[in-house]
Structures are given as C-alpha cells and as structure tokens.
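Please treat every number below as a calculation from the coordinates, not as lab data. Just so you know, these numbers come straight off a predicted model, no measurement behind them. Counting neighbours? That spans all protein chains shown, and the Cβs are built from the backbone with ideal geometry, glycine included.
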C-alpha cells in the first residue's frame, strides 16, 4: 500500500497554521517538498511519531532514489512538510546538515540522532540494510553495503 499524497488544500491549510504559529515569516512560500518518511503507511506513521515525540532528528536515503525520482538533494536550510501514513501534513522540518557517503560510513552519533529502534549503530545498520535490500530493487537498483547514501539532519520547526 502506498502513502497518499496530500491535497493542495490540506497543505495550504497546514501552512496557514505554521504561519499563524509564527515559526516562519508571513510571506514564506509553502515548501515544495511534502513527503512521508518510509515506504508504507505504517512505517510513515511510526517515523512521524518519532519526529513529533522528539528523538528522530535525522534520516538517510539512497542517493539512487533521489536520482531515479529526479529530485534535488536536501540542502541546509531547506524546509520540508512531513506527512503521516494517511498523507496528512504533520510537521515542518528544516535541514541542518547533509552529507553524502557510503552506507557503511554511518557513525554512532547519526544512528542515535535518527532515533529509531534502540538507537544503536548495530540496530541502525541492520534496519537500514534490510530496508534498502527490500526497497532498492523496486527502483531497479541492487543493494550494496557501500551504497551512496544521503545522510540528513533536521530540526522540527512545527508539529501537530
């Protein structure tokens, strides 16, 4: 099952709440990136809960996924609207750090900041290898432990 894309009306209504909360200037443009974490509604719901409840402040994605989708890489200062598994806008994130490197280059601090599982490096590696081994073939890419990976840290500006 795929994660629904939110309607423009839902995104605009959410953005009005963000502006009313005073976390962005009144004339700030709606972010062009509106997406969920993960690749299923259940995963998206679990991960947005970790964002909203506090421990998740990082994410990692395969560079090949960005390339295949022809999406630009995140950059410091980029705003993103993160959605839940039903496609509802739930949080505004600002990218604070981006690094591209092999999957195997992840360190303990990044694993901790990603906020998933027991937050250990061992858990992170096992979970991400399993995810990428399952997901990458769906976009025609073979899994490799040195897969070029986009490591991104973010801060939460607004959540509901």
Please give the helix 41-53 orientation as an angle from the longest Cα principal axis of the chain, in degrees from 0 to 90, rounded to the nearest 10.
70 degrees
Helical mean residue ellipticity (222 nm; -39500 (n - 2.57) per DSSP H run of 4+; nearest 500) of the chain
-10500 deg cm²/dmol
Cα gyration tensor shape for segment 1-56, rounded if a/c is under 1.5, else prolate or oblate
oblate
Please give the length that would be gained between residue 105 and residue 17 if that part of the chain were fully extended, namely 0.36 nm times their separation in residues minus their C-alpha to C-alpha distance (nm, one decimal).
27.8 nm
Calculate how steeply helix 121-135 sits against the longest principal axis of the alpha-carbon atoms of the chain, using the helix alpha-carbon long axis, and give the answer as 0 to 90 degrees to the nearest 10.
80 degrees
GNM result for the chain, Cα springs below 10 Å: residue of 129, 114, 67 fluctuating most strongly
67
What is the list of residues in segment 136-160 whose amide nitrogen lies under 15 Å from a point 7 angstrom out from the Cα of residue 66, following Cα to Cβ?
147-154
On C-alpha positions alone, give me the angle between the axis of helix 8-20 and the longest principal axis of the chain, in degrees, nearest 10.
70 degrees
I need to check one value: relative contact order of segment 63-160, counting alpha carbon pairs closer than 8 Å and at least 6 residues apart, in percent.
38 percent
So, in Å, what gap is there between the alpha-carbon centers of segment 139-160 and segment 64-114?
5 Å
Long-range share for the chain, i.e. C-alpha pairs more than 21 Å apart as a percent of all pairs, stands at 46 percent
